[in-house]
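The values are calculated or read from the model by the stated rules, or taken from the named source; none is laboratory data. Only a predicted model underlies this, so the values are computations on that prediction, with no experimental measurement involved. Reconstructed Cβ throughout: ideal geometry from the backbone, glycine too, with neighbour counts over all protein chains shown. The area values use the complete protein model at the heavy-atom level, side chains included, leaving out ligands, DNA and RNA. Shrake-Rupley method; radii C 1.70, N 1.55, O 1.52, S 1.80 Å.
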Amino acid sequence: MAVPIEYFDAPDVKALVVEIVSKLGFRHVEVDRVFCFRSRGSQSRRVVARIHSLGKVWQKALNTRAGYLIEVISERYDKLTQSEKERVIIHELLHIPAGFSGGFRPHRGFINKRILDKLHEEYRNNR
Ligand SMILES: [Zn+2]
């Protein structure tokens, strides 16, 4: 039997999100509407983090604004170095589109090693 997945509030991840958004000037990201959780017991073997969104139809159904949730997979994320964690969170934030609409930007054209290297360097230089 699979162990059920458990979710925990992740204030450390939220603090990193706030710092990255501020240092990289991601003004389209409403940090109050970015939630961060740590999961334990995920069956996926390779995923380190993922981003979920409150899409358009849910916004309408719940009469609320868009929101995003960054989930880090504890078994893998927690073992990373600080530098690797920063890259993972920058990557997830890059999935948020300019309109903060509840949709996603794809990897193609928006997220690749070159873009991540550049933004991570900018973040590091902004300390
Ligand atoms: Zn991605």
- Given (1) open to solvent by 50 Å² or more (accessible area, probe 1.4 Å); (2) more than 13 Å from the ligand (Cβ to nearest atom); (3) touching a helix residue (DSSP H, G or I) at 6+ places or on another chain (Cβ under 7 Å); (4) of a type outside the set (Phe, Trp, Tyr), residue 27 misses just (3)
- Among 61, 2, the single one that is modelled with pLDDT under 95 and over 15 Å from the mean Cα position of the chain (by Cα) is 2
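If I go through segment 95-122 residue by residue, how many of them are in contact (Cβ under 8 Å) with a residue 24 or more places away in the chain and of a type outside the set (Val, Ile, Thr)?
Taking segment 95-122 and keeping what is in contact (Cβ under 8 Å) with a residue 24 or more places away in the chain, we get 95-104, 116, 119-120, 122.
Filter once more, so that each one left must be of a type outside the set (Val, Ile, Thr): 95, 97-104, 116, 119-120, 122.
Counting residues in segment 95-122 that are in contact (Cβ under 8 Å) with a residue 24 or more places away in the chain and of a type outside the set (Val, Ile, Thr) gives 13.
State all residues of segment 102-111 that are open to solvent by less than 60 Å² (accessible area, probe 1.4 Å) and within 16 Å of the ligand (Cβ to nearest atom); if no residue qualifies, say none. Before you say what the answer is, go through the steps one by one.
So the first thing to find is which residues in segment 102-111 are open to solvent by less than 60 Å² (accessible area, probe 1.4 Å), and the list is 102-103, 105, 111.
Correct list: 103, 105, 111.
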- Message: Can you pull out every residue in segment 56-101 that is open to solvent by 50 Å² or more (accessible area, probe 1.4 Å) and within 13 Å of the ligand (Cβ to nearest atom)?
- Response: 87
- Does residue 34 count as within 18 Å of residue 20 (Cβ to Cβ) and either modelled with pLDDT of 95 or more or open to solvent by less than 40 Å² (accessible area, probe 1.4 Å) (or both)? yes
- Would you point out the residue of segment 37-55, among those that are more than 15 Å from the ligand (Cβ to nearest atom) and in a loop (DSSP other than H, G, I, E, B), that is most open to solvent (accessible area, probe 1.4 Å)? 45
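Can residue 32 be described as in contact with a Lys or Arg (Cβ under 9 Å, 6 or more places away or on another chain), charged (D, E, K, R) and part of a helix (DSSP H, G or I)?
Numbers: in contact with a Lys or Arg (Cβ under 9 Å, 6 or more places away or on another chain): no; charged (D, E, K, R): yes; part of a helix (DSSP H, G or I): yes.
No.
If I filter segment 19-34 for residues that are touching a Ser or Thr at 6+ places or on another chain (Cβ under 8 Å) and touching a residue at least 12 places away in the same chain (Cβ under 8 Å), do I get at least one hit?
Narrowing segment 19-34 to residues touching a Ser or Thr at 6+ places or on another chain (Cβ under 8 Å): none.
No, the conditions are met nowhere in segment 19-34.
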